[in-house]
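Peer 1: After the structure tokens below, expect a handful of questions from me.
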Amino acid sequence: MNIIKKEDLKTISLVNKKGSELEVLNYGAALLNFKIKDKRENPVNVVVSPWAEDFITSVYKEHNKCFGASVGRYAGRISKGEFKLDETTYKLFEKDDVHLHGGKEGFQYKIWEIKEENTAPNPSVTLAYLSKDNEEYYPGNLEVEVKYTLTEDNEIQIEYSAQTDKKTVINLTNHTYFNLNGGGSISDHFLKIVAEKILEVDEKLLPTGNLTKLKKHPKNFSESKLIGNRNLDDTFVIKSEEDEVAARLFAPLTGIKMEVKTNQKALVAYAPESLPDDLNYHTEIAEEYPSICLEAQNFPDAPNFRNFPEAVLKPGEKYYNRISYNFSVGGK
């Protein structure tokens, strides 16, 4: 295993004509910071993330929080650390019968190649990573790219694409933690998720295979609702089309609104009760509910459930995941 040093880290800055600035880190192809103006024209960093140097520490890896990272080869959980393809069972790294976020050395712990940078208007950067056959025990050489674009309308577009030379499973996502106040807690944020069902899970947060209707569910966010002190780690089956809003987050304090659009079937809402206090953050971190992730992706453990959307990628096919976070200042 190659030892990654501080000098290996590179940060790419994308600035649009409104003065908004998006920073991307080559380690984990991570979204590191995003600074925009609030309703008072004050700059606010709406991304919760440690400093770049913290990413390559043992402490960071121990927590496995994937700050802003591009997660793969399979984001989320796979039960018993295994899946089957064409009668072959592939055994993955697992802990307590759970394979999480691509394994022990997932994509979030890799240096990605910076392939292309474009300046304004609509500045962008494209990063690439080659996941070799049998890396983390997944089959196939998988060529992955992610393109980050900051539009002039303050939309962050994230496009994941991949191709393989051998049949494999794939589920990529972005794991950015947001706080539209720029610090403190997200308990005062309002959340809406355009979904009718949620995945039922067991005590290990593994899907049971059942889809539960949200109509009378305590985590029904089909209408905009105050998050409050609500611990979220749930997969919502979104019903919006690709060009429609799948989720909306709003912070009254700053007036900043974030709308999520995607071509994926699911949205994982993850609002941890706390974040590690032994990392150095860019923003002030509240002791309780400091951030929320809205991760557009396929269902967790899809390779092990026939009634879940297929997660298989074959040679000659192209995987494509498009996520956009559109920021504005206005009503919820």
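The values are calculated or read from the model by the stated rules, or taken from the named source; none is laboratory data. No experiment lies behind these values; they were computed from the predicted model shown. Note that each Cβ is placed from the backbone with ideal geometry, even for glycine, and that neighbours are counted across all protein chains shown. When the accessible area is computed, the model is the full protein with side chains, heavy atoms only, and any ligands, DNA or RNA have been set aside. Shrake-Rupley method; radii C 1.70, N 1.55, O 1.52, S 1.80 Å.
Peer 1: About the Cα centre of the chain, what is the dipole size in debye to 20, counting +1 per Lys and Arg Cβ and -1 per Asp and Glu Cβ, all else neutral? Kindly include the intermediate steps, with their values, before the conclusion.
Peer 2: Numbers: 43 positive and 52 negative charges, 153 e Å.
Roughly 740 debye for the chain.
Peer 1: Okay, moving on. Which one, SER20, ASN33, ILE4, is farthest towards the positive end of the dipole of the stretch 1-42 when Lys and Arg carry +1 and Asp and Glu -1 on their Cβ?
Peer 2: Result: SER20.
Peer 1: With a 1.4 Å probe and all protein chains kept in place, how much accessible area does SER328 have, in Å² rounded to the nearest 10?
Peer 2: So the heavy atoms of SER328 present about 50 Å² to solvent.
Peer 1: Between ASN307, ASN220, ASN263, which gets the highest mean-square fluctuation from a Gaussian network model of the chain, Cα cutoff 10 Å?
Peer 2: In this elastic network of the chain, the residue with the biggest mean-square fluctuation among ASN307, ASN220, ASN263 is ASN307.
Peer 1: Give the residue from ILE78, VAL125, VAL48 lying farthest towards the positive end of the charge dipole for the stretch 1-136; charges sit on Cβ (+1 for Lys and Arg, -1 for Asp and Glu) and the dipole is referred to the Cα centre.
Peer 2: VAL48
Peer 1: Please report, as a whole percent, how much of the solvent-accessible surface of the chain comes from carbon and sulfur atoms (probe radius 1.4 Å).
Peer 2: Working: 6470 of 14700 Å².
So the carbon and sulfur contribution to the accessible surface is 44 percent.
Peer 1: Let me check against my output: what whole-number percent is the relative contact order of the chain, with C-alpha pairs under 8 Å and at least 6 apart? Don't skip to the answer; put the middle values down first.
Peer 2: Values: 893 pairs, mean separation 64.2, N = 332.
After rounding, I find 19 percent.
Peer 1: Of all the C-alpha pairs in the stretch 96-142, what % are more than 16 Å from each other? Walk me through the intermediate numbers first.
Peer 2: On the way: 581 of 1081 pairs.
Within the stretch 96-142, distances greater than 16 Å cover 54 percent of Cα pairs.
Peer 1: What is the dipole size for the stretch 55-99, taken about its Cα centre, with +1 at each Lys and Arg Cβ and -1 at each Asp and Glu Cβ, in debye to the nearest 20?
Peer 2: Numbers: 8 positive and 7 negative charges, 38 e Å.
About 180 debye.
Peer 1: Tell me the per residue accessible area of the chain using a 1.4 Å probe; a whole number in Å² is fine.
Peer 2: Working: 14700 Å² over 332 residues.
Solvent-accessible surface per residue comes out at 44 Å².
Peer 1: Based only on Cα atoms, what mean projected area does the convex hull of the stretch 191-332 have, in nm²? Intermediate values should be presented prior to the final figure.
Peer 2: On the way: hull surface 42.8 nm².
Directional mean of the projected Cα hull area for the stretch 191-332 stands at 10.7 nm².
Peer 1: Next up: Run the dipole for the stretch 116-230 about the Cα centre, Lys and Arg Cβ at +1, Asp and Glu Cβ at -1, nothing else charged, and hand back the magnitude in debye, nearest 20. Display every interim value, and only then the final one.
Peer 2: Numbers: 13 positive and 18 negative charges, 177 e Å.
Dipole magnitude for the stretch 116-230 comes out near 860 debye.
Peer 1: Given axes a ≥ b ≥ c from the Cα gyration tensor, I'd like to know whether the stretch 263-328 is rounded (a/c under 1.5), prolate (a/b larger than b/c) or oblate. Walk me through the intermediate numbers first.
Peer 2: On the way: a/c = 2.68, a/b = 2.08, b/c = 1.29.
Cα axes put the stretch 263-328 in the prolate bin.
Peer 1: Turning to a different aspect of this structure: Anyone know which of LYS265, LYS239, LYS17 comes out most mobile in the 10 Å Cα GNM of the chain?
Peer 2: Maximum among the listed residues: LYS17.
Peer 1: Using a 1.4 Å probe on the protein heavy atoms only, what accessible surface does LYS257 show? Give it in Å² to the nearest 10.
Peer 2: Only protein atoms counted, so the area is about 40 Å².
Peer 1: How far apart, in nm, are two points set 7 Å out from the Cα along the Cα-to-Cβ line at SER222 and at LEU253?
Peer 2: The answer from the label model is 3.1 nm.
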